[in-house]
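Just so it is clear, none of the values below were taken in a lab; they were calculated from the coordinates. Not measured: the values here are computed from a predicted model. No Cβ is skipped: glycine too gets one built from the backbone with ideal geometry, and neighbour counts run over all protein chains shown.
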Amino acid sequence: MSSTPSHTRMSAAQVVLMLSLLMGIQPVTTDLYLPALPGLTQDLAATMAQAQLTLTALLLAFGASQLVWGPVSDRFGRKPVLLAGMLAYLLASVGSALSSSMETLIVWRTLQGVAMGAGVMGARAVVRDLYAPLQGATVMSKALSGLGVIACLSAPVGGALTSLWGWHAALMTLAVFGACTLVLIALRFEETLVQKNPHALQWKRMLGTWWQILRTPQFVAFSALSMASYGGLFTYLAASSFVYIRVLGFSATQYGLTMFLNSFVYLLGTFACRRLVARFGVRRSVAIAGVFSLVGGSSMALLALAGVVAGWAIMLPMCFFIFAHGIHQPCGQSGAVGPFPQAAGAASAMNGFLMMVAAFFTGRWLGVHMDGTVLPLTLSICFWSVLLALSAWTLVHRYGRV
């Protein structure tokens, strides 16, 4: 376990646990919800486009809110932002579970996304507060291993809760997770920002900071990597429940177990990330992972175009893609924030915002093009895998100096 700097009394294990919970709030909010999505859509007499909006609105709010949370955390510190975000998340989760219409659910899910932005942005900023970029990639991979464990449990638990007690129970579980994280942050988290920036919220300085971030080649390279990787993952999150359950005839429980397999493979990817980074460095590790991404995305699309409509034809290629995702995300997120030790919150926010922009437009495209076949899912993942490999082999190879 990596040691923590002297300016915090939190142990390395405590830091990784809190980071895992804060970053794990994202798969909990999406993966646990997915098995309930088809039944929820039917119960609320909603269209597929409206159902997709419960995910895309959540993620757009998640991305946009980080642009505010980042500078706020640079100004006032990480802990106030984390506490405010987790409290809002708890309230929004209860509201989502009690929703009686799709319109109300979309509103609560949007607020949930805003709150989620505080937790995930804060976690990324904490890593930069405490660690140099190369060590930060290792610590980030440990936190994302914890996220992988949470993701492994989320979909099966969501499937079981939906089968036993319906979608309301699955959504109420999010409130329990938010409450536990809130209590832990309130009692155990110590502020990691040594020097607050009193000018962080001045709009001219904010614009100047964002412009500096966006024109930094290392940020662009690693953000392109994380955007493409998350775009492929979100495609799977947004479309897989409909494909597996409605097209391939899986039950909610079977779908949950399928998601467990993907999450477990992702967990293996985060373990591999630490070994690869230690041996080859970040750039070569990302290049190796790009091969896995391209093999997964292209084989999935080729099988679908050849008329192979079966669960294994999606699950097996997705394992290649998701394994690489476990390498790309720790490297991409820590690499994007690395050049900005004095503006870690703003850089983390911009990186997160760009990932959610990719997710939003993917979700909108899927909402229009889902046609009762596997093709929209498979072709979209193939598209992102090509962009991902190109980003790893060109931009990161040239500018990814970590």
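Residues L153, L144, L22, arranged from fewest to most other Cβ atoms within 10 angstrom of their Cβ, appear as L153, L144, L22. Label-to-label distance, W312 versus R364, with points set 7 angstrom from Cα along the beta-carbon direction: 4.0 nm. Which option, (i) 0.95; (ii) 1.29; (iii) 0.98, is the value of Rg/Rh (Cα atoms, Kirkwood Rh) that was calculated from these coordinates? Answer by label: (i). Working from label points 7 Å from Cα in the Cα-to-Cβ sense, the Q42 to Q135 distance is 5.4 nm. Ranked for footprinting exposure by Cβ neighbours inside 10 Å, fewest first, E103, E191 give E103, E191.
Straight-distance candidates among the lysines for linking to K204, with alpha-carbon spacing under 23 Å and chain neighbours fewer than 8 residues away dropped: K196.
Going from the fewest other Cβ atoms within 10 Å to the most, the residues V309, V194, V126, V114 appear in the order V194, V309, V114, V126.
Could you give the length gained by full extension between F280 and R246, i.e. 0.36 nm per residue of separation minus their alpha carbon distance, to one decimal place? Can you show the working numbers first?
On the way: separation 34, 0.36 × 34 = 12.24 nm, distance 4.31 nm.
Here the answer is 7.9 nm.
Helices of the chain meeting both criteria, an alpha-carbon length of 24 angstrom or more along the long axis and an average Kyte-Doolittle score not below -0.5, with helices taken as full DSSP H segments, are 12-31, 48-76, 78-97, 102-130, 133-165, 167-188, 217-242, 252-305, 311-337, 344-369.
Its DSSP H runs of at least 4 residues, each contributing -39,500 (n - 2.57), put the calculated 222 nm mean residue ellipticity of the chain at -28500 deg cm²/dmol, to the nearest 500.
Tell me, in nm to one decimal, what length is gained between W393 and S100 on full extension, where the rule is 0.36 nm per residue of separation less the Cα-Cα distance? Present the calculation step by step, with values, prior to reporting the outcome.
On the way: separation 293, 0.36 × 293 = 105.48 nm, distance 4.80 nm.
Result for the pair: 100.7 nm of gain on full extension.
Go through 223-232, 87-96 and give me the packing order, highest mean Cβ count within 10 Å leading.
Working: 223-232: 26.8, 87-96: 21.4.
Sorting 223-232, 87-96 by mean packing, highest first, produces 223-232, 87-96.
Over the chain, calculate the relative contact order: mean separation of alpha carbon pairs under 8 Å at least 6 apart, over the residue count, as a percent.
Working: 752 pairs, mean separation 111.8, N = 402.
So the answer I get is 28 percent.
Taking each residue as 0.36 nm, the span from Q14 to L207 lengthens on full extension beyond its C-alpha to C-alpha distance by 66.0 nm.
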